[in-house]
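Bear in mind that the values in this text are calculations on the coordinates, not laboratory data. This one's a predicted model, so the numbers in the text were calculated from it and none came from an experiment. No Cβ is skipped: glycine too gets one built from the backbone with ideal geometry, and neighbour counts run over all protein chains shown.
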Amino acid sequence: MFHVPSLIIGAGVTSIVAIIVFLVLNVASHEDELLIVPTPNQESDLPKITTDTFMKNGSPILGNSNAPVTLIEFGDYQCFYCNKFFHSTEDSIVKNYVDSGKVKIIFKDYTIIGPDSITAANAAHCANDQKSFWKYHDTLYNNWDGENTGWASYEHLLTFAVDTGLNIDEFSNCIITSKYSSIIVNSNQDAKDLGLTGTPAFFIIGPDNKVIKIGGAQPYDVFEGIFNSELKK
């Protein structure tokens, strides 16, 4: 059985939303587009939507770190529609925009489906210890086999690590100790601060620091249209 939130947001009609957030004395006001501002030094009980909300607690950058456009995906490795996006859309984005230096990608965890979602997310970060985050990320989706079916169990994650060419002793110790649990928790909180209720969800940050939100596994042409518009700025 598929997880309801991932189905709802994945199957929904294109949702492209823009919100402007100004942080003045730690008070946020919402208008039509989102403008990223530096993380304030003062503490507040209110959620702060800042650069860190998008850029921290995630994967290493895929692509040129100086690319003018940034794509952030909040995903769950068990999510049906996250897997659909990976197989139907991500490769074209990488070939046409990432490899050419126009767009960079950051993946952030929103582990809402089950315990194996957290284990898989931690495993991907563990692979990053051996500079193999994106290779392991791809391996997870290439071995996807449903939601809460056991395909992302500890034993299978070790097999994927062997397939990826990782040092198994180092990798095994990392996932057993849940080394990156705090990063995953913080990334989940970032997703909640952004009002996300399902996966996948995407944010595109343009050269002017305005942010466009895309809900669900939308087709390639949706991303293409936004990228081309942002690259003209």
Task: Highest to lowest packing among 101-107, 91-97, scored as the average C-beta count within 10 Å - done: 101-107, 91-97
Open item on the list: How large is the Kirkwood hydrodynamic radius of the range 116-179, counting all unique pairs of alpha carbons, in Å?
Closed with: 11.2 Å
TODO: Compute the Rg to Rh ratio over the range 162-232 from the alpha carbon atoms, using the Kirkwood formula for Rh, and round to two decimal places.
DONE: 1.14
TODO: Could you please report the charge total around Thr89, scoring K, R as +1 and D, E as -1 over all other residues with beta-carbon less than 12 angstrom from its beta-carbon?
DONE: -3
Task: Efficiency of FRET between Thr51 and Asp163 - r from beta-carbon atoms, R0 25 angstrom, step 0.05 - done: 0.10
Task: Ellipsoid semi-axes in whole angstrom, largest first, where each is sqrt(5λ) of the Cα gyration tensor of the range 75-133 - done: 23, 16, 8
Open item on the list: Taking every alpha carbon pair in the range 97-231, what does the distance histogram look like in 10 angstrom bins from 0, in percent?
Closed with: 11, 37, 34, 17, 2
Task: Gain in span if fully extended, Val185 to Lys95, counting 0.36 nm per residue against the direct Cα distance - done: 29.3 nm
Task: Cα radius of gyration and Dmax for the range 40-145 (Å) - done: 14.7, 45
- [ ] Quick one: what are the phi-derived ³J(HN,Hα) couplings along the range 117-130, Karplus 6.51/-1.76/1.60 with θ = phi - 60°, whole Hz, x for glycine and proline?
- [x] 5, 5, 4, 5, 4, 4, 4, 5, 5, 4, 4, 5, 4, 10
Task: 14 Å beta-carbon shell around His156, net charge (K/R +1, D/E -1) - done: -4
